[in-house]
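S.K.: My structure is below; once you've seen it, I'll send some questions.
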Amino acid sequence: MATKESSTALTVRAKSAQPASTSLVMHEADTRTHGTTREVPVKRFDDVEQAPLQPLPDVPLELATWTRVKVHPDDHVQFQRADYSVDLPLHPRTPPHT
């Protein structure tokens, strides 16, 4: 488990790396011909992908569907005919943290 000090150090390093990585993407990677599409990504975005983009709606979308489910003995729940594993702290047989 990371200590608060190491977590802070990782955050600082990540923040200082962000401008450098953004610069690399915008000025080097986006201007090279992509190996699969054989197109320059920044040119493709300008020519094809940017026009159909629309502004975000004024009201945030509600992406969650809330429902009650039963945790089965195999530590899974079923929702809309799909099985999902249950995180141990949420499992009803897991004792609460003290």
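S.K.: Looking only at residues in the range 40-76 that are farther than 30 Å from GLU28 by Cα and in contact with a Ser or Thr (Cβ under 8 Å, 6 or more places away or on another chain), which one is modelled with the lowest pLDDT?
M.R.: ASP75
S.K.: Follow-up question, since we're still on this one. Going through the range 26-65 one residue at a time, which ones are farther than 30 Å from GLN78 by Cβ and hydroxyl-bearing (Ser, Thr, Tyr)?
M.R.: Selection gives THR31, THR33, THR36, THR37.
The values are calculated or read from the model by the stated rules, or taken from the named source; none is laboratory data. Since the model is a prediction, treat every value here as computed from it, not as a measurement. Every residue, glycine among them, receives a Cβ derived from its backbone with ideal geometry; neighbour counts consider all protein chains shown.
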